[in-house]
Amino acid sequence: MGSDLKVTELSPLEQTALLTQYARALDSRWARPILGDALADDIIGKIDYDFAGLGVPASVVCQSALRAKMLDDRVRVFIAEHPDAVVVDLGAGLDTGLFRISPPATVDWYSVDLPAVIALRDRVMPVSVHGHSVAASVSDPGWPDTIPAERPAMMIADGLLAFLSEPVIIGVFRRVTEHFRSGELAFNDYGRIGWFSRIAVKLAPQRMFSAVGSQWGYAGFKDARVPESWNPRLALVEEASLAHAPEVDLFPSWIRLATKASGRFKAGARKARILRFQWPKAPA
Ligand SMILES: C[S@@+](CC[C@H](N)C(=O)[O-])C[C@H]1O[C@@H](n2cnc3c(N)ncnc32)[C@H](O)[C@@H]1O
């Protein structure tokens, strides 16, 4: 298929969806992929965009592929325990998790993103009877209104929270437990982003870093329990560092060594982590 689909109408924030999809596409081209999402590459091939000009480095390919894999693994476990689940991907972009996981017919999968991204998603994504698009900003408290509230909900957010302000993030963390009777919320997190890292991201020569750095909205938190203080109905049930995942062995050599070295220190380990919260809390 020719790459004839132009995306000039996407804002810089919305274009970050192209970046993460491209990173997963690059992973799928590697001899030893971490995620192996060939559909991501097919979708990139449908879009007319200067992907190579983003300058996505191998370290970002590794991180993007691994965090998607870690979130997929958690969704699979949840679905196995709750075959009537709804999966809700917040800031879904063009992510093809629905097709990687291929859940049973009893599961419904909702992809929430800004309207222009959802319009693109609906054009490039294969049709699935389980898949539903929600064109809404998560800053609008009405975003979950069309999603069943009574079924167990597995919420994921991959690459979204860094682009939101703290009040919007807190609003999302409160809204999920107001709307969904029970569930989990799993997302990738970078710990606390200091001023040095922010400047380094803005000054890096690759276009992808200046694009992401200009949209970065949230400095984050060190203590994984901070979201419990935003919403006492949430219980932290997992803090997993990417640096400790077995898939790090698939990283190219210098990235593997640097990742394992950073994982030996708490500060390094929390720079790339998956956090998972549950509600309602188990009785004490
Ligand atoms: C870095 S991309 C990640 C996309 C996808 N999760 C992935 O892994 O490829 C961030 C996504 O968040 C979406 N986004 C940003 N702000 C949003 C908001 N307020 N409501 C919904 N989606 C938002 C962007 O449009 C973009 O698709």
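The values are calculated or read from the model by the stated rules, or taken from the named source; none is laboratory data. Keep in mind it's a predicted model, so treat the numbers as computed, not measured. Virtual Cβ from ideal backbone geometry, glycine too; neighbours counted across all protein chains shown.
With the requirement that a residue be of a type in the set (A, V, I, L, M, F, W, C), away from the ligand (no atom under 11 Å from the Cβ) and not in a helix (DSSP H, G or I), what does region 1-34 give you? So that I can check it myself, show each step before the final result.
Looking only at region 1-34, we keep the residues that are of a type in the set (A, V, I, L, M, F, W, C), and these are 1, 5, 7, 10, 13, 17-19, 23, 25-26, 30-31, 34.
This time we only want the ones that are away from the ligand (no atom under 11 Å from the Cβ), so: 1, 5, 7, 26, 30-31, 34.
Answer for region 1-34, where residues must be of a type in the set (A, V, I, L, M, F, W, C), away from the ligand (no atom under 11 Å from the Cβ) and not in a helix (DSSP H, G or I): M1, L5, V7, W30, A31, I34.
Taken over region 232-279, the criterion of being charged (D, E, K, R) and not in a loop (DSSP other than H, G, I, E, B) is satisfied by E238, E239, E247, D249, R256, K260, K266, R273, R276. Within region 153-168, the set of residues being surrounded by 23 or more Cβ atoms within 10 Å (Cβ to Cβ) and in a helix (DSSP H, G or I) comprises just one member, L161.
With respect to the conditions (1) assigned to a strand (DSSP E or B); (2) at positive phi, S111 falls short on a single one, namely (2).
Against the definition (touching a Ser or Thr at 6+ places or on another chain (Cβ under 8 Å), part of a helix (DSSP H, G or I) and within 11 Å of the ligand (Cβ to nearest atom)), how does A40 come out, yes or no? Even if it seems obvious, please write down each step before you answer.
Working: touching a Ser or Thr at 6+ places or on another chain (Cβ under 8 Å): yes; part of a helix (DSSP H, G or I): yes; within 11 Å of the ligand (Cβ to nearest atom): yes.
It is true that A40 is touching a Ser or Thr at 6+ places or on another chain (Cβ under 8 Å), part of a helix (DSSP H, G or I) and within 11 Å of the ligand (Cβ to nearest atom).
When you look at K202, is it at pLDDT below 95, touching a Gly at 6+ places or on another chain (Cβ under 8 Å) and surrounded by fewer than 18 Cβ atoms within 10 Å (Cβ to Cβ), yes or no? So K202 fits the description; yes. Among the residues of region 49-85, just one is outside any helix (DSSP H, G or I), at pLDDT 95 or above and of a type in the set (D, E), namely D84. Return the residue satisfying two criteria in turn: it lies in region 77-110 and is among the small types (G, A, S) and more than 12 Å from M154 (Cα to Cα), and of such residues it is farthest from the ligand (Cβ to nearest atom). Once the filter is applied, the top-ranked residue is A105.
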